[in-house]
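J.: The structure under discussion is supplied below as structure tokens; questions concerning it will follow.
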Amino acid sequence: MTEHFPALLVILPLLAAVLIPFSPAAVKRSAWHISFASAAASLALAARLAWETFALGKVSYWFGGWAPPWGIEYSIDPLGALLLLLTAFVTCAALSYSRAAAPAELAAERLPYFYSCMLLFTSGLTGIIITGDIFNLYVFIEIASLAGYALIAAGRRREALVASYNYLILGTIAATFILLGIGYLYMAAGTLNMADLRERLPQVYHTKTVLTGFAFLVVGLSIKTALFPLHIWLPDAYTHAPSPVSALLAATGTKVGIYAMIRVIFTVFKPEFNPSTVPMTVILAGLACAGIIYGALMALAQTNIKRLLAYSSVSQIGYIILGAAISNQTAMTGSLLHIINHALMKASLFMCAGIILMSTGAEKTGDLKGLGRRMPLTMAAFTAAACSLAGLPLTAGFISKWHLALGAVEAGLWLVVPVILAGSLLTAVYFWKIIEPAYFSPAGERRPVRPEAPAGMLAPAVLLAALGVALGLAAHFPALGAGRAAALLLGKP
């Protein structure tokens, strides 16, 4: 049975997602329990596969016993194993949080369909990570995207529908680019298996067909990852979505999109393709640096807490893309570490924002006066997560940004280091806009309905924030795994 774990990782949440909406009313009332049980089982499968992958180096699964490139392959390398584990863990945390949060933000009759869409979204993300077939990559991107559109629109606010519609339009454009890019690569190489493409494409690297396909793929995936300046769908989507959705999308959606982009650039195409044929890494580095500063400045200008966190994501995505663009092992390690850091910390921050909204009704930074004394656990989790994103020492964010800066120095890109430092300083400043009134201002008029949120909401937010500190204190272990994954991406033993 264990040999079928890769397939079960995708099938299990997919079957549960289909089961919930088409079941009798009694089963629908247990939608959360079914969803959480499915997510917990997926987490156990992901943990087992991660252990196996790091022991063996790579795990492959051939559907129907047909060997690739003729058959469809699922392929898990160390980077994929890390992303699978991260996605499954954050999904469990988001579902735990949503048990109390979702009924407060969604109509009761929508809840079964909401949980079904969360599972469908997770199934799509898992497929993106695990597939070894580039056309199936597109299929799973669309599954995750369609579920994401529905999740954003699930809230009671009218603005959520508009945000979902805008994301739908841009997501469809991105999907068109991705599909066209895959078509061009198939025209040039005659195969859809990623490993087979890697071997066949070098003979046709300089053809217009391959160059056009590469450009379409990178642009399409850049929209999906919200890389500046293609980020315009993200602020409204994260701001107006229900808080469990904001936490799940910010933590996993864009991170898996970045993983897909990295995989295309460094796995479908060999690392030497970029400097020798297309200066894509130079372009991406420039856009990433611009995104770091732009996102931080826009976050600094916001008064709405969730919108501030949304623009913060634009800035933090820039850090991740920057490490991949520098393309040496140290910087790539920093990029992969920041994927983990940002996923955990941004999920915690959006959960804390949801707790504050539900308990006090506060949406603006100016409404948080004295909240640190009235809701100490919530604000402690928010502060710890904010410190990690800002890159303070003893947090995971410090380790990832330290690797990014070292990688930039190794590559001779000295001008990138001030950008990393400036982005971190601006991150500390815009989070201080929330922390300062919460801890150092007299209590405002708003009073919490309850001193803290229910344990089911508070526990995942605190746990995720604590992990940011724990991974910073035990930096050797995540850095070791990320370093191994980075080396394999760059073609090093």
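J.: Can PHE273 be described as touching a Pro at 6+ places or on another chain (Cβ under 8 Å), at negative phi and crowded, with 19+ Cβ neighbours inside 10 Å? Explain how you work it out, then say what you get.
T.: Details: touching a Pro at 6+ places or on another chain (Cβ under 8 Å): yes; at negative phi: yes; crowded, with 19+ Cβ neighbours inside 10 Å: yes.
Judged against the criteria, PHE273 is a match.
J.: What number of residues within segment 397-418 satisfy the criterion of being part of a helix (DSSP H, G or I) and either within 20 Å of the chain's Cα centre (by Cα) or of a type outside the set (Val, Ile, Thr) (or both)?
T.: Let us first name the residues in segment 397-418 that are part of a helix (DSSP H, G or I), namely 397-410, 416-418.
Those still in the list that are either within 20 Å of the chain's Cα centre (by Cα) or of a type outside the set (Val, Ile, Thr) (or both) too: 397-408, 410, 418.
Of the residues in segment 397-418, 14 are part of a helix (DSSP H, G or I) and either within 20 Å of the chain's Cα centre (by Cα) or of a type outside the set (Val, Ile, Thr) (or both).
J.: Of the residues in segment 30-50, how many are under 21 Å from ALA100 (Cβ atoms) and in contact (Cβ under 8 Å) with a residue 60 or more places away in the chain?
T.: From segment 30-50, those under 21 Å from ALA100 (Cβ atoms) are 30-40, 43; that's our starting set.
Filter once more, so that each one left must be in contact (Cβ under 8 Å) with a residue 60 or more places away in the chain: 31-32, 34-36, 38-39.
Here the count works out to 7.
J.: Given the conditions (1) in contact with a helix residue (DSSP H, G or I) (Cβ under 6 Å, 6 or more places away or on another chain); (2) within 22 Å of LEU488 (Cα to Cα); (3) modelled with pLDDT under 85, report the number of the one that VAL278 does not fulfil.
T.: Among (1) in contact with a helix residue (DSSP H, G or I) (Cβ under 6 Å, 6 or more places away or on another chain); (2) within 22 Å of LEU488 (Cα to Cα); (3) modelled with pLDDT under 85, VAL278 violates only (1).
J.: From LEU192, LEU211, LEU179, LEU197, which residue is of a type outside the set (D, E, K, R), under 24 Å from PRO69 (Cα atoms) and touching a Pro at 6+ places or on another chain (Cβ under 8 Å)? Explain how you work it out, then say what you get.
T.: Working: LEU211 fails: touching a Pro at 6+ places or on another chain (Cβ under 8 Å); LEU179 fails: touching a Pro at 6+ places or on another chain (Cβ under 8 Å); LEU197 fails: touching a Pro at 6+ places or on another chain (Cβ under 8 Å).
Selected residue: LEU192, the only one of LEU192, LEU211, LEU179, LEU197 that is of a type outside the set (D, E, K, R), under 24 Å from PRO69 (Cα atoms) and touching a Pro at 6+ places or on another chain (Cβ under 8 Å).
J.: For segment 20-47, name all the residues that are buried (at least 18 other Cβ atoms within 10 Å of the Cβ) and either of a type in the set (D, E, K, R) or farther than 16 Å from MET118 by Cβ (or both).
T.: Result: LYS28, LEU45, ALA46.
J.: Let me ask something additional. Can you tell me which of (1) within 27 Å of PRO229 (Cα to Cα); (2) buried (at least 23 other Cβ atoms within 10 Å of the Cβ) is the one LEU368 doesn't meet?
T.: (1)
J.: Give all pairs with beta carbons closer than 9 Å in which a residue from segment 410-435 that is closer than 10 Å to CYS289 by Cβ meets a residue that is charged (D, E, K, R); count only pairs at least 6 apart in sequence or on separate chains.
T.: Qualifying pairs under 9 Å: ILE420/LYS401; GLY423/LYS401.
J.: Please verify whether PRO235 is in a helix (DSSP H, G or I), in contact (Cβ under 8 Å) with a residue 24 or more places away in the chain and surrounded by 23 or more Cβ atoms within 10 Å (Cβ to Cβ), treating the condition exactly as stated. Outline the logic, then answer.
T.: Details: in a helix (DSSP H, G or I): yes; in contact (Cβ under 8 Å) with a residue 24 or more places away in the chain: yes; surrounded by 23 or more Cβ atoms within 10 Å (Cβ to Cβ): yes.
Yes: the conditions hold for PRO235.
J.: Now, a different point. Output yes when any residue across segment 181-196 is free of Cβ contacts under 8 Å to residues at least 60 places away in the same chain, part of a helix (DSSP H, G or I) and charged (D, E, K, R), and no when none is.
T.: Within segment 181-196, the subset free of Cβ contacts under 8 Å to residues at least 60 places away in the same chain is 181-184, 186-190.
Now restrict to residues that are part of a helix (DSSP H, G or I): 181-184, 186-189.
The next check asks that each one be charged (D, E, K, R); those that pass are none.
Taking every residue of segment 181-196 in turn, none turns out to be free of Cβ contacts under 8 Å to residues at least 60 places away in the same chain, part of a helix (DSSP H, G or I) and charged (D, E, K, R).
J.: Right, next: Picking from LEU179, LEU168, LEU146, LEU125, which residue would you name as being modelled with pLDDT of 90 or more, hydrophobic (A, V, I, L, M, F, W, C) and crowded, with 23+ Cβ neighbours inside 10 Å?
T.: Numbers: LEU179 fails: crowded, with 23+ Cβ neighbours inside 10 Å; LEU168 fails: crowded, with 23+ Cβ neighbours inside 10 Å; LEU146 fails: crowded, with 23+ Cβ neighbours inside 10 Å.
One residue alone meets the criteria, LEU125.
J.: Still on this structure, please answer the following. Among the numbered conditions (1) buried (at least 24 other Cβ atoms within 10 Å of the Cβ); (2) touching a residue at least 60 places away in the same chain (Cβ under 8 Å), tell me where LEU221 comes up short.
T.: With respect to (1) buried (at least 24 other Cβ atoms within 10 Å of the Cβ); (2) touching a residue at least 60 places away in the same chain (Cβ under 8 Å), LEU221 is out only on (2).
J.: If you don't mind, there's one more thing I want to ask. Go through (1) closer than 19 Å to ILE321 by Cβ; (2) in a helix (DSSP H, G or I) for MET457 and report which single condition fails.
T.: So MET457 meets the others, but not (1).
J.: From the list VAL162, VAL210, VAL139, exactly one residue is touching an Asp or Glu at 6+ places or on another chain (Cβ under 8 Å), in a helix (DSSP H, G or I), on the phi < 0 side of the Ramachandran plot and not basic (Lys, Arg). Which is it? Break it down stepwise before answering.
T.: On the way: VAL210 fails: touching an Asp or Glu at 6+ places or on another chain (Cβ under 8 Å); VAL139 fails: touching an Asp or Glu at 6+ places or on another chain (Cβ under 8 Å).
Result: VAL162 is the single residue among VAL162, VAL210, VAL139 that is touching an Asp or Glu at 6+ places or on another chain (Cβ under 8 Å), in a helix (DSSP H, G or I), on the phi < 0 side of the Ramachandran plot and not basic (Lys, Arg).
J.: For segment 459-477, which positions are small (Gly, Ala, Ser), more than 11 Å from SER388 (Cα to Cα) and crowded, with 21+ Cβ neighbours inside 10 Å? Steps first, answer last, please.
T.: Kept after step one, since they are small (Gly, Ala, Ser), are these residues of segment 459-477: 459, 461, 465-466, 468, 470, 472, 474-475.
Then drop every residue that is not more than 11 Å from SER388 (Cα to Cα), which leaves 459, 461, 474-475.
Residue satisfying the conditions is ALA461 alone.
J.: If ASP133 meets every condition in (1) within 20 Å of the chain's Cα centre (by Cα); (2) under 26 Å from ALA44 (Cβ atoms); (3) buried (at least 21 other Cβ atoms within 10 Å of the Cβ) apart from one, which number is that one?
T.: Failed condition: (1).
J.: I'm told LEU394 meets every condition in (1) surrounded by 22 or more Cβ atoms within 10 Å (Cβ to Cβ); (2) in a loop (DSSP other than H, G, I, E, B); (3) of a type in the set (A, V, I, L, M, F, W, C) except one. Can you identify the failing condition by its number?
T.: If we test LEU394 against (1) surrounded by 22 or more Cβ atoms within 10 Å (Cβ to Cβ); (2) in a loop (DSSP other than H, G, I, E, B); (3) of a type in the set (A, V, I, L, M, F, W, C), just (1) comes out false.
The values are calculated or read from the model by the stated rules, or taken from the named source; none is laboratory data. Source: prediction; values computed, not measured. Here Cβ is always computed from backbone atoms with ideal geometry, including for glycine, and neighbour counts include all displayed protein chains.
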